[in-house]
Amino acid sequence: MSAAKSVPALIAYLMVFIGVLGHASSEFFAVLSGAKGAEVSVWRYVIGAAGLLVAALLFSGPAKLAAPLREQGAKVLILSLLGVSLPYLAFHWALDFASIVQVGTLVTTIPIFVGLCNLLINGQSISTPKLITGAAAVAGVALLLTDGYLAKLAGDADSLFGVFLSIAFAFGGSAYAVLAKPMITQYGALPFTTVSMSIGAAGLWVIVGLFWGIWVNPAGLFDKPASAAWPLLVLGLWNTTITQIMWFGGLAAVPDITRGSYLFFLKPLITAGLALLVLSQPVSLMQALAIIIICGAVLVELAWPLIARR
């Protein structure tokens, strides 16, 4: 029995939620690092892949780590470059053109793209309850993220490229999650994610070096001031090493990948909660209404199999 199949559904959903927690703060630490989008993407995945490699060698062993490359090397290579290197380059590059609010809003559409990719790739239709709860969650996200930020969300002509990059990331990352699910199920979340993210990190290093002329030296992390080094470490180890294992491993183990991905709608809600707890920012009436709508939509979607049976 594969590692992913042996994970109970409740634990799988919890893994996805932990992954969402990691995604919820990734834009913040990316901007806080002070590095530009293309460069920060390399730092993030070089550090993250190193963390994954250490964890995989300790908990899975070299044999399991080598299995995906030995048995499906070409497929893993192409999937990693197209599903990791390019989408995450687009994500961090988007922050150079668009605001965090714009990027965060568009990235939150990932569950919709997961459903569409699952429909196109696996032929799994999007049910009426998913359409209703998805539409409700999107409406709630719009209320939450635009309350007091309409000018920032609108942006200007220069931000259109950032918006395009954000959508490219959402689509590419969603397609990767759907296509990688069978291989994560076969090889296990930790071994496959380690191999795939390591290839993705190498691809990012080469792409940014060739097109931006920035050849990141990982040893140079220790020469950076603490104010820049620690956000990169957090971005690599928490937002990448741990988050990617939880997110992709959880999505591979949940009974319904589209339903599991709906937890991603909680991303802006978590961000708002952190703003309240850490920055003591008050919650407006519009934000409170958005929180009720988002939580209600996600809870209904997750509980729908039980509701349908009754």
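The values are calculated or read from the model by the stated rules, or taken from the named source; none is laboratory data. Just so we're clear, the structure is a prediction, and the values are computed from it rather than from any experiment. Ideal geometry is used to build each Cβ from the backbone, glycine not excepted, and the neighbour counts take in all protein chains shown.
Looking only at residues of the stretch 206-236 that are aromatic (Phe, Trp, Tyr) and loosely packed, with under 14 Cβ neighbours inside 10 Å, we find that the one that is modelled with the highest pLDDT is 215. State whether one or more residues within the stretch 118-131 are at pLDDT 75 or above, among the small types (Gly, Ala, Ser), more than 16 Å from residue 267 (Cα to Cα) and crowded, with 22+ Cβ neighbours inside 10 Å. Scanning the stretch 118-131 turns up no residue that is at pLDDT 75 or above, among the small types (Gly, Ala, Ser), more than 16 Å from residue 267 (Cα to Cα) and crowded, with 22+ Cβ neighbours inside 10 Å. Look at (1) out of contact with any helix residue (DSSP H, G or I) (no Cβ under 7 Å at 6 or more places or on another chain); (2) in contact (Cβ under 8 Å) with a residue 12 or more places away in the chain; (3) of a type in the set (Gly, Ala, Ser) and you find that residue 6 fails only one, number (2). Counting only residues that are farther than 20 Å from residue 37 by Cβ and assigned to a helix (DSSP H, G or I), the stretch 238-254 holds 11 of them. Contact list please: Cβ distance under 7 Å, first residue in the stretch 225-254 and without any contact (Cβ under 8 Å) to a residue 40 or more places away in the chain, second residue in a helix (DSSP H, G or I) and surrounded by fewer than 22 Cβ atoms within 10 Å (Cβ to Cβ), pairs at least six apart or on different chains. Sorted first by the residue in the stretch 225-254, then by its partner, the pairs are 229/221. Here residue 10 meets the list (1) among the aliphatic types (A, V, I, L, M); (2) surrounded by 22 or more Cβ atoms within 10 Å (Cβ to Cβ); (3) under 21 Å from residue 262 (Cα atoms) almost entirely, failing just condition (2). For residue 170, the stated conditions do not hold, so it cannot be described as part of a helix (DSSP H, G or I), over 30 Å from residue 62 (Cβ atoms), among the small types (Gly, Ala, Ser) and modelled with pLDDT under 80. Just to be sure, is residue 155 at pLDDT below 90, more than 24 Å from residue 62 (Cβ to Cβ), out of contact with any strand residue (DSSP E or B) (no Cβ under 7 Å at 6 or more places or on another chain) and of a type outside the set (Ser, Thr, Tyr)? Yes: the conditions hold for residue 155. Screening the candidates 17, 29 for the property of being within 30 Å of residue 225 (Cα to Cα) and touching a residue at least 40 places away in the same chain (Cβ under 8 Å) yields one hit, 29. Filtering 249, 213 for residues that are of a type in the set (Gly, Ala, Ser) and under 14 Å from residue 15 (Cα atoms) leaves a single hit, 249.
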